[in-house]
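Accompanying notes for the structure given below.
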Amino acid sequence: RNPGLIIVDSLQGLVGEDQSASVQLLQLFKKFSVILRAPSIVISHFTKEGDYKGVMTLQHAVDTLLTLAPDDDGTRVLDVRKNRMGRAFIQMRFEMTETGLLALPEPEEEPTQLTEEEEEEEEEEGE
C-alpha cells in the first residue's frame, strides 16, 4: 500500500547546510511523489536571523514554495511564494491558539461605488 503523503522534517536535519545535497534530495522526493502518487512536504527551517538560507537555490527544485513565519503582531503568515500548479503570491494569516493555528479572515475590501453606467449594465444582465 502506498503512502498518501510524505513529510520530511527537516531538510537540514538530513543533509546539513549542503545546498547541492539539498537539491538532490528534493529531486529524489519529487520522483518518489510521482511514482507513489503522493505529495511530499519537505520542511526547511530558516536561520535565527530570519534568513531563508538557500531558498533561491531550492526554489528551482520544487513545485511549490511556502513560508510560515511570525509577524510583528504575533500572528503567523503563510506566504505562497511559488506554485507551478496554481496561484502564487498569496498570503494567509493565522493566530496561534491553545488548540493550534486558526485561520484569520481576510480583511474586507472597501465596497466600490458603481457608476450609473455599471448599475444600468447590471440591471440589464439581471433581466
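Remark on Ile41: its backbone amide H falls under 5 Å from those of Ile6, Ile7, Val8, a criterion applied only to residues 5 or more positions apart or on other chains, H modelled at 1.01 Å from N. In this label model, Leu102 and Ile90 are separated by 2.3 nm, measuring between points 7 Å along each Cα→Cβ vector.
Residue order by solvent-accessible surface for Glu17, Glu98, Glu106 is Glu98, Glu106, Glu17, largest first, with ligands and nucleic acids left out and a 1.4 Å probe.
Relative contact order of the stretch 1-49, taken over Cα pairs closer than 8 Å and 6 or more residues apart, is 58 percent. The heavy atoms of Ile90 present about 50 square angstrom of accessible area, all protein chains included, probe 1.4 Å. Computed over neighbours whose Cβ is under 15 Å from that of Arg84, the net charge equals +3, Lys and Arg +1, Asp and Glu -1. Put Leu104, Leu65, Leu11 in order of accessible area, highest first, and with a 1.4 Å probe you get Leu104, Leu65, Leu11.
The values are calculated or read from the model by the stated rules, or taken from the named source; none is laboratory data. Everything quoted here is computed from the prediction, not taken from an experiment. Reconstructed Cβ throughout: ideal geometry from the backbone, glycine too, with neighbour counts over all protein chains shown. Side chains included, ligands, DNA and RNA excluded: accessible areas come from the protein's heavy atoms. Shrake-Rupley method; radii C 1.70, N 1.55, O 1.52, S 1.80 Å.
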